[in-house]
1. Kirkwood hydrodynamic radius (Cα pairs, Å) of segment 311-419?
2. Straight distance only, please: which aspartates and glutamates reach the Cα of Lys127 with their own Cα at less than 19 Å, same-chain residues fewer than 8 apart left out?
3. Pick out which of Ile330, Ile306, Ile66 has the largest mean-square fluctuation in a Gaussian network model of the chain, springs linking Cα atoms closer than 10 Å.
4. For the chain, set up a Gaussian network in which alpha carbons nearer than 10 Å are linked by springs, and say which option among Asn349, Asn70, Asn256 fluctuates the most.
5. Relative contact order of segment 6-430: what whole-number percent is it, with Cα pairs under 8 angstrom and at least 6 residues apart?
6. Among the listed pairs Lys337/Lys422; Lys297/Lys422; Lys233/Lys422, give every one whose C-alpha distance is greater than 32 Å.
7. Report, in whole Å, the centroid distance computed from the Cα atoms of segment 1-70 and segment 393-431.
8. By how many nm would the segment from Arg117 to Met206 lengthen if fully extended, with 0.36 nm per residue of separation less the alpha-carbon distance?
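Please treat every number below as a calculation from the coordinates, not as lab data. Since the model is a prediction, treat every value here as computed from it, not as a measurement. Neighbour counts are summed over all protein chains in view; Cβ atoms, including those assigned to glycine, are modelled from backbone coordinates with ideal geometry.
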Amino acid sequence: MAGDAVIQGDLARAVIDPASYAEWDTLLDTFDHIRSEHGVVKVLPEDKGVFDPFWLVTSYDDVMRISKDNQTFLNHPRTVVFSLNEGIEFAKAMTGGSPHMVASLVTFDAPVHMKYRKLTQEWFMPKNLRSVEDEIRALAEKTVQKLVDSGPEVDFVPLVSAPYPLHVVMQIMGVPEEDEPRMLMLTQQMFGGQDDDLNQSGMKDMTPEQITQLVAGAVADFEKYFAGITAEKRANPTGDVASTIANATVDGEPLNDRDMMGYYIILAAAGHDTTSASTAGAMLALAKDPEQFARVKADRSLLPGIVEEAIRWTSPVQHFMRTAAQDTEIGGRQIRKGDWLMINYVAANHDPAQFDDPRRFDAARSPSRHLAFGAGAHQCLGLHLARLEMRILFEALLDRLDSIALAGDPQRSKSTFVGGLKTLPLRITPS
Ligand code: HEM
C-alpha cells in the first residue's frame, strides 16, 4: 500500500511550480519519488485558495486507465493546473460564467465533444495528410536551408524547431505566411505565459492574474484575426482546415463565434509548441549520440523509431486535468465525485514499470505504447501530423548535415503545461 495520501510544502511546490519543469532530471527524480513512495497522492496548496487540492497520478497504468475512462473522468470544468483559482474567476468574468477562456475540444465532454471532434477528424488522418506531404517537405527543406546558411554555430530552437511546426499548422489552416509572426507571438503568450523569456510580455515574475490577463489579450487578438479568416473562407472555401471549420455545422446549426474561435485556437496552439518541443528533443538526442546520428543517416528506416522515442522522452504536453464524475478508486485511494486529478504524462512516460531504463533515449523500444499523445476519446487529434512533419524534417536534416554537436547547455522552458527546450546551441557540419 502506498505511503502518505497527502503532499505539501516543497514536494507539492515541485509539482506545480513552472520553474521546476525547467530542471528535467530533478523533476523526474521528484516523480520517481512520489510514484514509489506515495502512489496516487493529494497535492495541497500552500495558501488555501491559490488552487484547489488535486490528486496527482504518476504511474503509467493509472494515467492510462483515467485517460480511457471518459465517463468517470471528465475534462470539464478544469483542464490544466495553471487555471489557478484567481485565473478561473477572471475567465468567468471575461466569458460570462465559463471557467474556460477558450472553449475547445479539450474542454468538452461527451456527447458534445465527439460532435466537434468529428468535424475535422478526417482531415488529420494519414490518408488525407498524404495530400499535404509535398508542401510540408518544401517547408522542411526551406527551414533546413536557413539552418545551414546560419551555421556553423546555431540555436536550433528559433531557427528550426519553433518556426517549422508553426509553418506547417498555418499552412494546413490556410493562414498566409506574412501573418505567422503574429500567430507565433500569440501562441507563446498563451502557452509560454509562465516563462519570462517566452511570454513576450517583457515582464518578470508575473502574478497569476497578470498571466491570465496576458492570455486573455492573446485570445482577443486571435479572435479578431480568425474572424477575418472565417469571413474569407465562407465566401471562398478552399478545402483547408479553416474552410472546414468556417463552414461546419453541429446539429444543423453553424458554430457560434466562441466555439469556432476555440477550434482555430486549439489547432493553432496545440499543433505548434508541442511538435516544436519533441523536434528539439530528437535533435538533442542525436547531438548527444554521434553514432546514432551516423546510423540513422545511413539507414532511414530507423527514423520512425527516433521520432516516436523523442515524443515519449520529451513528453511535451506535461499534464492534463480531469474531474471525477462519481465516487471511484484509483491506486487504492478513494476518489470522491468532484475531486480534481492531474494525469501527468511526463511521470507516466518515465514509469520504470512500463519502460526499461526510462531516462535513456532508446529508439529501438518496440512497441513503445507511450502516453505522450494521451489516450481515450481525447487522444491527440494531430498525432499523425506530428509524426509526419517530424519525419520529413529529419529526412531533410539528415540529407544536409554530416554531423552535429552540442555547443552549449540547452535550456528548458518554465511551464507546467506544454514545455520543452527553449534553446539548443549546436555546431553543425553540412554535408
Ligand atoms: C490533444 C499531445 C501535436 C492537435 C492532445 C493531448 C495530448 C497531446 C497529450 C490530450 C490527450 C488526452 O487528453 O488524452 C501532443 C503532442 C504533440 C501534439 C505530444 C506533438 C509531438 C499536435 C498537432 C496537432 C494537435 C500537430 C494539430 C494541429 C490536438 C488537438 C487535441 C490534442 C486538437 C484535442 C483533442 C481532443 O480533445 O479531442 N495532444 N499533441 N496536436 N492535440 Fe495534440
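1. Evaluated over segment 311-419, this radius sits at 16.8 Å.
2. Straight-distance partners of Lys127: Glu135, Asp240, Glu389.
3. Ile330
4. In the Gaussian network model the winner is Asn256.
5. The value is 27 percent.
6. Lys337/Lys422; Lys233/Lys422, as the Cα separations exceed 32 Å there.
7. Taking the Cα centre of segment 393-431 as reference, the centre of segment 1-70 is 30 Å away.
8. 28.6 nm
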